[in-house]
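Participant: Got a structure for you, questions after.
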Amino acid sequence: MGFLDISNVTKSYGKTEVLHRVDIGVEEGEFLVLVGPSGCGKSTLLNMIAGLEDITGGDISIRGRVMNGVHPSKRNIAMVFQSYALYPNMTVGQNMTFGLEMHGVPKPERDKALTEVAALLQLDKLLDRKPGQLSGGQRQRVAMGRALVREPDVFLFDEPLSNLDAKLRVDMRTEIKKLHAKLKTTIVYVTHDQIEALTLSTRIAVMNDGYVQQLGTPKEVYDTPANIFVATFMGSPAMNIIPAQVAMQDGAPHAVLTNAAGETVQLRFSQENMVDWVGRDILLGLRPEALTDPEGADRKSQNIAALSNPVAVAEPAGSDTFVTMTLGGRDVIARLRADTSVTPGTSFDFAVNMEKAVAFDPETERRIPA
Amino acid sequence: MASRADDADFRTKLQEWIPKLVLSPSVALMLVFVYGFILYTIYLSFTGSKMLPKYDLIGIDNYVRLWGLSAWWTAVSNLAVFATLYITICTAIGLTLAILLDQKIRGEGMLRPIYLYPMALSFIVTGTAWKWFLDPGIGLEHTMHLWGWESFEFGWIKDRNMAIYTIVIAAVWQTSGFVMAMFLAGLRGIDNEILKAAQIDGASNWSLYRRIVIPLLRPAFLSAFVILAHLAVKSYDLVIALTGGGPGRATELPATFMYSYTFTRNQMGTGAASAVIMLMTIAAIMMPYLYSELKEKK
Amino acid sequence: MSGATQSTAVSTGRITRTLIYLVLLLFALFYLLPFFVMVVNSLKPLDEITGGNMMSLPQTWTIQPWLQAWSSAQIGVEPTGLRPYFLNSLLMVVPAVAISTGLGAINGYVLTKWRFRGDNIIFGLLLFSCFIPFQIVLIPMATILGKLGIAGSIPGLVLVHVVYGVGFTTLYYRNYYAAFPTELVRAAMIDGAGFFRIFWRILLPVSGPITVVSVIWQFTNVWNDFLFGASFGGQSQPMTVALNNLVSSSTGVKEYNVHFAGAILAALPTLLVYIVAGRYFVRGLMAGSVKG
Ligand SMILES: Nc1ncnc2c1ncn2[C@@H]1O[C@H](COP(=O)(O)OP(=O)(O)OP(=O)(O)O)[C@@H](O)[C@H]1O
Ligand SMILES: [Mg+2]
């Protein structure tokens, strides 16, 4: 049993079930990110943890205590909202201590907590301002400060960075990460931004259509996605999914596919168990960085295959050059080093890191376990 | 396994009840004083009540009687004339003033309150002012004569056929400024970029308003219509103050008819029937509005 | 309304603009004239009115008509002037406005932030109740007020105005609070504030604009009401009813100047409120009830 347990939780609005049997256990000090496309039920799940939405089925417990039906303020949680939800008529200081006041904490203690948190978040100079007089980033910090003073068991964040501009978002991301490293509180964090999910979390729950598609560490989710949805949702540019057949060659299973010139290409699998799939169709999953120029290939990899293919478009993007081409009849993106010279229309020799390749069952779209 | 947190349950449950408890006095008042009373009046309209309520059901006799009364027909046709003119003229003046006032007018801040202030007055005050203003003996006609325009005649208020129009004039005077404010708010709410786009498309001023602006004011038209229509059906005070329903019965409206039949002529059953018909008229006007109001906000 | 800065103005020629100003000024005249005439003539002796021109300023200025209207004019059978009725109106208006606005605020709060199954039906019923012709409730109301023992009294009128005002005040507050972020209420819940505390500490402090609207609306409606006052006023008739009695009394010489002074006295409180806070009213009205 974990610190925060979500077991068998479902949610329905009338007859429509929007969350189906969600099971997530969170350990103390973990940073769990709920990630998924819009409308997949992330906020709903978070609100259920907070007690802002009723639980239709299943249990949510914190520290072993079942929280179903418990008032939000009695769960010892704090929440940071997407719109920050700062009380417009109160000063920053009042905003931050309102929760303590409601919980009957005496004024001297409130002031002490406020001073500490304000120092931590560099809000000292802003305490007498009203929310309307703050910048977006400052409001964001106040919202976090309001959560921090409470010293809750669990922090809940609902897309806290999505109202910030791109640069500020990256800065605040780092700040949140530092804060977590320092305070080691348990956090459940909702976002639809997969980069945020990968950088911040200790574990990720990828959700779609009310189902948890995969629950695992960022590395697990990135390297061994449970299915095609996770594979393409996490990572940018998305993982390439290429139709291929499995065939035996020199006693090893190979992926056989056609390149843009109509030639057959064979790539040896690192996974031995692909022999079970010989003669069948699969979907080969290759991340853009596993499809690169020979000099840029991962030197530690035991299984680099060569692949020659005509290039359709080359897009230099500063740190990398992205190349678009056709492989197995699909558009595929490769990620080359920035100074690689490629000419659209001509053939280029790619290096494929087959150690990182994954294969999916085309019927179920699930990953074929290694 | 985990323990249930029963202690906290209580507060949560209480919190769920408080809102409903808080709402209940208003709901109770409304159910009794509005809907209960409506049902009661509907019931009375099927009884033979005269001076006091009686509970003997006599079927639809009151309605048959009502529609056989020439006084009721006068009231209804007066209402038809009054409502049509009142709504049309108020809307026309309101829209015109709003559009003109929206042309970056200097002194808009002065003009707007001048157009609007009649709305703050009671219909009794408005009636008093206009009754005198329109009185041929001392009002406008008299003044024109004094100014040398001897042939000027304006005796509508004393004229059976024309008196109803004096009610229109006074009512328009009172409400058209308010309608102007509604349209002005509508105009100010229109996205300026749409107008710029239309001007770039080469729309003339006239067609800009006719093809783009006025269609965009649809919600304001709807609100104005609903408010004016319900004010028209409810009109009572103004008639009392301006003409007292006269000359003769020339300016009776359903509202004054209902009052006099119920309370002075002691025909409560018939009065109730007339009130029910007024309610049904308003319900027919309001239903689409209510429906849209509730659907949008869901 | 005056908060909005956009205008749909189009570029127009000189002649057109002159015409526009002309039309606008003519209408201003139309709206001002009756009231102007009333004010001017309330300051004339009676013979100047009957014999003279209503547009001309008084030759002899007098406030006698005002004093008479206020304290000695014949209202019905008693020569009391309008003063006691003015007081009645005041005593009725203050509690009626306060109670209906308070109820409207809390109703609007429940209907937007504590929604429950069927709340829309309740709101629909409330909304419709704003628009009913009051003739439909006159008969039973007369009976009930009698049964409650408050017929013809100020508490009776207060009750009537609260009942038929609460629909509108609820409508205003509901539409206002609907735009208030629900996340704030949720944040306060997590902070441990309960139903009343959230209302008191979070919503009420930002409810100023809509409260102005609600108060002005209710004040104007209650003050200006005639139908209920005439039907249920009894011994406590409000100003409007008294004014009507004064103006339409058929005995003796018609003292127009006194009538005018009385009419202005009856209009004064609402005009004052309108002049002081009118701009907020229209602005809030637009945002609140009428989607223009
Ligand atoms: N009150 C409600 N009634 C009915 N359906 C609802 C209600 N609230 C949410 N839903 C539905 O539940 C699903 C999940 O909503 P939720 O707000 O949790 O999505 P989300 O993952 O947070 O999306 P986003 O990234 O856009 O915030 C959506 O399909 C939504 O339409
Ligand atoms: Mg969400």
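The values are calculated or read from the model by the stated rules, or taken from the named source; none is laboratory data. Please read all numbers here as calculations on a predicted model, not as lab measurements. Positions of Cβ are backbone-derived with ideal geometry, glycine not excepted, and every protein chain shown enters the neighbour counts. Each accessible area value is taken on the protein alone, full model and side chains, heavy atoms only, with ligands, DNA and RNA left out. Shrake-Rupley method; radii C 1.70, N 1.55, O 1.52, S 1.80 Å.
Participant: Less than 15 Å from a label point 7 Å out along the Cα-to-Cβ axis of A:Thr16: which backbone N atoms in the stretch A:182-219 qualify, by residue?
Facilitator: Residues A:209-211 qualify, since their backbone N sits under 15 Å from the label point.
Participant: Taking every DSSP beta bridge that has both residues in the protein assembly as shown, what percent is antiparallel when rounded to the nearest 5?
Facilitator: About 75 percent, rounded to the nearest 5.
Participant: Counting only protein heavy atoms and rolling a 1.4 Å probe, how much accessible area do A and B lose on contact, total for both sides, in Å² to 100?
Facilitator: About 900 Å² of accessible surface is lost on pairing.
Participant: Solvent-accessible area of B:Lys13, probe 1.4 Å, all protein chains present, reported in Å² to the nearest ten, please.
Facilitator: 120
Participant: Listed here are the pairs B:Lys20/B:Lys295; A:Lys74/A:Lys167; A:Lys42/A:Lys167; B:Lys54/C:Lys147; B:Lys50/C:Lys254; which of them are more than 28 Å apart at the Cα? Present the calculation step by step, with values, prior to reporting the outcome.
Facilitator: Values: B:Lys20/B:Lys295 22 Å; A:Lys74/A:Lys167 37 Å; A:Lys42/A:Lys167 25 Å; B:Lys54/C:Lys147 16 Å; B:Lys50/C:Lys254 36 Å.
Checking Cα-Cα distances, A:Lys74/A:Lys167; B:Lys50/C:Lys254 exceed 28 Å.
Participant: Let me ask you something else. For every helix of n ≥ 4 consecutive DSSP H residues, a contribution of -39,500 (n - 2.57) applies; sum these over chain A, divide by its total residues, and give [θ] at 222 nm rounded to the nearest 500 deg cm²/dmol. List each step's numbers first, then the result.
Facilitator: Details: 8 runs with 85 residues, N = 370.
Calculated mean residue ellipticity at 222 nm is -7000 deg cm²/dmol.
Participant: To continue, here is another question. Taking 7 Å along the Cα-to-C-beta vector as the label spot, tell me the C:Leu148-A:Asp23 distance in nanometres, rounded to one decimal.
Facilitator: 6.1
Participant: Another question, then. Go through A:Asp361, A:Asp111, A:Asp250 and list them by solvent-accessible area, largest first, probe radius 1.4 Å.
Facilitator: A:Asp250, A:Asp111, A:Asp361
Participant: Kindly state, to the nearest 0.05, the FRET efficiency for C:Ser71 paired with A:Glu109, given R0 = 60 Å and r defined as their beta-carbon distance.
Facilitator: 0.40
Participant: Out of the total accessible area of the stretch C:14-62 (probe 1.4 Å, heavy atoms of protein only), what percent is carbon and sulfur? If you can, show how the numbers build up before the last one.
Facilitator: Numbers: 2050 of 2710 Å².
Carbon with sulfur: 76 percent of the solvent-accessible area.
Participant: Can you give me the solvent accessible area of A:Asp339 with a 1.4 Å probe, rounded to the nearest 10 Å²?
Facilitator: Approximately 130 Å² for this residue.
Participant: A further question on this structure: Identify all aspartates and glutamates with a Cα-Cα distance to C:Lys44 below 15 Å; exclude those on the same chain that are fewer than 8 residues away in sequence.
Facilitator: Hits, sequence-local ones excluded: C:Glu255.
Participant: When all alpha-carbon pairs of the protein assembly as shown are counted, what percent fall beyond 56 Å?
Facilitator: Values: 159044 of 460320 pairs.
Percent of Cα pairs beyond 56 Å in the protein assembly as shown: 35.
Participant: Give me a comma-separated list of calculated 3J(HN,Hα) values for the stretch C:147-158, in order, Karplus coefficients 6.51, -1.76, 1.60 applied at θ = phi - 60°, integers in Hz, x for any Gly or Pro.
Facilitator: 4, 6, x, 10, 5, x, 10, 5, x, x, 5, 4
Participant: How high is the FRET efficiency between A:Ala247 and B:Ala197 when r is their beta carbon distance and R₀ equals 45 Å, given to the nearest 0.05?
Facilitator: The formula returns an efficiency of 0.15 here.
Participant: Quick check for you: with a 1.4 Å probe and neighbouring chains kept, what is the accessible area per residue of the protein assembly as shown, in Å²?
Facilitator: Working: 40270 Å² over 960 residues.
Result: 42 Å² per residue.
Participant: Using only DSSP helix segments of four residues or longer, with each worth -39500 (n - 2.57), what per-residue ellipticity at 222 nm results for chain C after dividing by its residue count and rounding to 500?
Facilitator: -23000 deg cm²/dmol
Participant: In whole percent, and with a 1.4 Å probe on the protein chains, what portion of the accessible area of the stretch C:83-290 is carbon and sulfur? Show your work: numbers first, answer last.
Facilitator: Values: 4500 of 6770 Å².
So the carbon and sulfur contribution to the accessible surface is 66 percent.
Participant: Which order do C:Thr270, C:Thr182 take by accessible area at a 1.4 Å probe, largest first?
Facilitator: Descending order: C:Thr182, C:Thr270.
Participant: For chain B, what class follows from the C-alpha gyration tensor (a ≥ b ≥ c being the square roots of its eigenvalues): rounded when a/c is under 1.5, otherwise prolate if a/b is larger than b/c, else oblate?
Facilitator: On the way: a/c = 2.30, a/b = 1.10, b/c = 2.09.
Since a/c reaches 1.5 but b/c is at least a/b, the shape of chain B is classed as oblate.
Participant: How big is the C-B contact in terms of buried accessible area, both chains counted, 1.4 Å probe, rounded to the nearest 100 Å²?
Facilitator: 9700
Participant: Right, here's the next one. Would you mind getting me the FRET efficiency between A:Glu363 and A:Asp223? Use the beta-carbon distance for r and R0 = 25 Å, nearest 0.05.
Facilitator: After rounding to 0.05, the efficiency reads 0.65.
Participant: Okay, next question. How would you order B:151-163, B:29-41, B:229-241 from highest to lowest mean count of nearby Cβ atoms within 10 Å?
Facilitator: Answer by packing, highest mean first, reads B:229-241, B:29-41, B:151-163.
Participant: Specify the residue with the greatest mean-square fluctuation among C:Gly146, C:Gly76, C:Gly52, computed from a Gaussian network of chain C linking alpha-carbon atoms under 10 Å apart.
Facilitator: Sorting by GNM fluctuation, first place goes to C:Gly52.
Participant: Another one. For the pair A:Ser270/C:Glu78, report the inter-label distance in nm, with labels modelled 7 Å from Cα in the Cβ direction.
Facilitator: 10.2
Participant: Now for a separate question. Hey, any idea what % of the stretch B:74-297's accessible area is carbon plus sulfur with a 1.4 Å probe? Kindly include the intermediate steps, with their values, before the conclusion.
Facilitator: On the way: 5390 of 8630 Å².
In the stretch B:74-297, the share of accessible area belonging to carbon and sulfur is 62 percent.
Participant: Could you pull out every whole DSSP H run in chain B that spans at least 27 Å of Cα extent along its own axis and averages 1.6 or higher on the Kyte-Doolittle scale?
Facilitator: Details: long enough: B:6-30 (37 Å, 0.01); B:70-101 (45 Å, 1.66); B:163-188 (38 Å, 1.50); B:268-296 (40 Å, 0.99).
Length and hydropathy pass: B:70-101.
Participant: By the gyration tensor of its Cα atoms, with a ≥ b ≥ c the square roots of the eigenvalues, what is the shape of chain C: rounded for a/c under 1.5, prolate for a/b over b/c, or oblate?
Facilitator: Here chain C falls in the oblate category.
Participant: To the nearest 10 Å², what's B:Trp147's accessible area with a 1.4 Å probe?
Facilitator: Result for B:Trp147: roughly 150 Å² accessible.
Participant: Largest first, how would A:Glu196, A:Glu365, A:Glu101, B:Glu150 line up by accessible area (1.4 Å probe)?
Facilitator: Result, largest first: B:Glu150, A:Glu365, A:Glu101, A:Glu196.
Participant: Taking the Cβ of A:Gln245 as the centre, find all other residues whose Cβ is under 11 Å away and add up their charges (Lys, Arg: +1; Asp, Glu: -1).
Facilitator: Surrounding charge for A:Gln245 is 0.
Participant: Looking at the square roots a ≥ b ≥ c of the eigenvalues of the Cα gyration tensor of the stretch C:97-223, which shape do they give, rounded for a/c under 1.5, prolate if a/b is larger than b/c, or oblate? Walk me through the numbers before you get to the answer.
Facilitator: On the way: a/c = 2.30, a/b = 2.03, b/c = 1.13.
It is prolate, given that a/c is not under 1.5 and a/b is the larger ratio.
Participant: Now a separate question. With labels modelled as points extended 7 Å from the Cα through the Cβ direction, what inter-label distance (nm, one decimal) is found for A:Lys130 paired with C:Leu32?
Facilitator: About 3.7 nm, to one decimal.
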